[in-house]
1. Which condition does residue 120 not pass, out of (1) surrounded by fewer than 19 Cβ atoms within 10 Å (Cβ to Cβ); (2) not in a strand (DSSP E or B), if it passes all the others?
2. Look at residue 102 and say whether it is surrounded by fewer than 20 Cβ atoms within 10 Å (Cβ to Cβ) and within 14 Å of the ligand (Cβ to nearest atom).
3. I'd like the residue in the stretch 46-63 that is closer than 16 Å to residue 153 by Cα and part of a loop (DSSP other than H, G, I, E, B) and, out of all such residues, is nearest to the ligand (Cβ to nearest atom).
4. Being part of a strand (DSSP E or B), in contact (Cβ under 8 Å) with a residue 60 or more places away in the chain, buried (at least 19 other Cβ atoms within 10 Å of the Cβ) and not β-branched (Val, Ile, Thr) is the filter here, so list the residues in the stretch 125-167 that pass it.
5. So, residue 9, is that one at pLDDT below 95, more than 23 Å from residue 153 (Cα to Cα) and part of a loop (DSSP other than H, G, I, E, B) or not?
6. What are the residues in the stretch 9-45 that are within 12 Å of the ligand (Cβ to nearest atom) and out of contact with any helix residue (DSSP H, G or I) (no Cβ under 7 Å at 6 or more places or on another chain), if any?
7. Give me the residue from the stretch 6-50 that is β-branched (Val, Ile, Thr) and surrounded by fewer than 19 Cβ atoms within 10 Å (Cβ to Cβ) and, out of that set, nearest to residue 128 (Cα to Cα).
Amino acid sequence: MGQIVPDAVERYLASLNRAGDAVVDDIARAGAARELPLVDAEVGALLQVLATAVGATKILEIGTAIGYSGIWLARALPPGGMLLTMEMDPERAREARGNFTRAGLADRVTVIVGDAERMIAKVAGPFDLIFQDGDKHLYVPLLDRLVSLLRPGGLLVTDNVLWDGEVVPGFVRKPARDPADTRAIAEYNERTAAHPALVTAIVPLRDGVSISVKTMERDKDGARGFSRANV
Ligand SMILES: C[S@@+](CC[C@H](N)C(=O)[O-])C[C@H]1O[C@@H](n2cnc3c(N)ncnc32)[C@H](O)[C@@H]1O
């Protein structure tokens with residue numbers, strides 16, 4: 001059973017989700033068979049909703065795996081839109097490319113193979129939405145760089161921020177996660193909550209998804225402009 005959302009509630013949410021299709025279902029099954037830590041269809045639908053809501057034409061993802069979350073994101077893009085997604089495992093990246101092709105999205109997705117910590121310096125923004133789902137130890141080190149790559153009003157969406165509830169001291173009787181990972185995520189949550197250029201809310205869906213919007217400054221007439229925050 002999930003530590004955060006009871007199984008019955010997860011089943012109910014899944015029963016209402018009509019956004020999936022045969023290709024995403026098939027990729028989810030392939031991921032589950034190999035115990036890959038992919039988002040589920042409910043988080044996938046959330047990603048698609050958020051990307052659609054901000055009118056995303058340029059999206060960055062850290063942690064492609066086999067392309068499951070990337071498909072949900074890319075489906076929100078208009079023709080000519082672009083998803084850049086980073087994966088350090090070449091075999092997973094190859095499989096992801098095949099899955100984007102199967103989903104009819106190959107024209108708007110570029111899979112970058114390599115370590116996001118290095119590759120991120122080579123990427124040019126601004127992005128409308130960034131999905132952070134890579135190495136948990138890189139969440140804090142990459143935070144300011146990712147914020148600088150977002151346009152004002154853009155979204156930084158991060159998966160696994162509740163980490164099976166283990167970021168909540170005392171909530172899980174027998175923690176199973178690596179304590180270093182748990183500390184890294186807890187620190188990330190504190191950083192995003194206090195970040196001068198972000199307003200953040202955490203949605204306790206599946207393993208916890210944080211949604212941060214890069215703030216826009218209002219001038220004296222109430223018009224919105226760029227944030228002055230030093231990021
Ligand atoms: C949680 S999985 C991503 C799942 C995917 N977003 C989905 O829901 O379909 C994390 C992925 O990040 C990759 N990864 C880990 N560290 C990375 C790094 N430093 N640079 C690029 N990719 C990395 C892993 O190989 C793994 O495939």
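1. Residue 120 satisfies every listed condition except (1).
2. So residue 102 does not fit the description; no.
3. 56
4. 127, 128, 129, 131, 132, 150, 154, 155, 159
5. Details: at pLDDT below 95: yes; more than 23 Å from residue 153 (Cα to Cα): yes; part of a loop (DSSP other than H, G, I, E, B): no.
Considered against the rule, which asks whether it is at pLDDT below 95, more than 23 Å from residue 153 (Cα to Cα) and part of a loop (DSSP other than H, G, I, E, B), residue 9 comes out as no.
6. 30, 32, 34, 35, 36, 37, 40, 43
7. Among those that are β-branched (Val, Ile, Thr) and surrounded by fewer than 19 Cβ atoms within 10 Å (Cβ to Cβ), it is 49.
The values are calculated or read from the model by the stated rules, or taken from the named source; none is laboratory data. Keep in mind that what you see is a predicted model, and the values were worked out from it rather than measured. Cβ atoms come from the backbone with ideal geometry, glycine included; neighbour counts cover every protein chain shown.
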